[in-house]
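What follows is one structure encoded as C-alpha cells, with my remarks underneath.
The values are calculated or read from the model by the stated rules, or taken from the named source; none is laboratory data. All of these numbers come straight from a predicted model, not from anything done at the bench. Cβ coordinates were reconstructed from backbone atoms using ideal geometry, including for glycine residues, and neighbour counts include every protein chain displayed. Keep in mind that these areas ignore ligands, DNA and RNA; they rest on the heavy atoms of the full protein, side chains included. Shrake-Rupley method; radii C 1.70, N 1.55, O 1.52, S 1.80 Å.
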Amino acid sequence: MKRQLTRQQREELSLSIVTCIRERVKDATTIMAYYPLPDEVDIRQLLDELVAGGKTVLLPRVTGDETMELRVYTGPEGLSEGAFHILEPVGELFTDYASVDVILVPGLAFDALGHRLGRGRGYYDRFLITSGIAESGKTIGVCFDFQKVAEVPVDEYDIPVDEVI
C-alpha cells in the first residue's frame, strides 16, 4: 500500500502525523529522530522547526554492519549520503544518551503493543539496547495508519516502542 501512494498523498498524510508528533515533543529538549526515506512519514520540516526552536535534534548514522551512532542535526546542509544511500548527519557526535527525552522510530509496521517491523537489519533495536537510550527517553513509533497492524512478529531482541503515532 505504501508504495502505491503518490508523493503528494504521502505529504498530506504526513501533515496530521507531524502535528501529533509536534505536540508530543513540545516540552522535550533533546530528540532522537530519523531523516525520512521517500516511503516514510515525512518529518523533514518538523526537524528544521525543532532546530530553529533551539531543541537538540539527533539523527542516526550507520557506522558498521550492525552499529550506528547519533550525530547532531543542524539542517539539511549538514547531511551527506551514507550507508544504503540514506542521508545521514555529519554533525557533532552525541553520546549523552541519558539526556534524550524523546526517540522517534520509523517502521514498516507497528502493532498495538508497540512491536515494530523494521527494515530487517536490526540497527534500531541493537542501538536502543546497547545505548540504554530507551530507558531515559520516551520511544514513539512513527507510521501511516495503514501501517498499524494486528500483530508484528517479535523475537527476544525486539524492543517495543512506548507509543505509536
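Tallying residues that are part of a helix (DSSP H, G or I) and over 20 Å from Pro106 (Cβ atoms) within region 72-96 yields 1. Against the conditions (1) in contact with a Ser or Thr (Cβ under 6 Å, 6 or more places away or on another chain); (2) part of a helix (DSSP H, G or I); (3) acidic (Asp, Glu), Glu12 satisfies every one except (1). Taking the numbered list (1) farther than 17 Å from Ile43 by Cβ; (2) among the hydrophobic types (A, V, I, L, M, F, W, C); (3) open to solvent by 30 Å² or more (accessible area, probe 1.4 Å) in turn, Val152 passes all entries but (3). Across region 72-117, the number of residues qualifying as among the charged types (D, E, K, R) and open to solvent by less than 80 Å² (accessible area, probe 1.4 Å) comes to 4. Note on region 129-165: among residues that are assigned to a helix (DSSP H, G or I) and modelled with pLDDT of 90 or more, the one that is nearest to Leu104 (Cα to Cα) is Ile133. Taking the criterion of being part of a strand (DSSP E or B) and open to solvent by 30 Å² or more (accessible area, probe 1.4 Å), the residues of region 53-71 that qualify are Thr56, Arg61, Val62, Glu69, Arg71. Scanning region 8-52 for residues that are open to solvent by 20 Å² or more (accessible area, probe 1.4 Å), under 12 Å from the mean Cα position of the chain (by Cα) and either more than 16 Å from Gln147 (Cα to Cα) or among the basic types (Lys, Arg) (or both) yields Tyr35, Arg44. Out of curiosity, is Leu50 under 21 Å from Leu13 (Cβ atoms) and either assigned to a loop (DSSP other than H, G, I, E, B) or not acidic (Asp, Glu) (or both)? For Leu50, the condition - under 21 Å from Leu13 (Cβ atoms) and either assigned to a loop (DSSP other than H, G, I, E, B) or not acidic (Asp, Glu) (or both) - is met.
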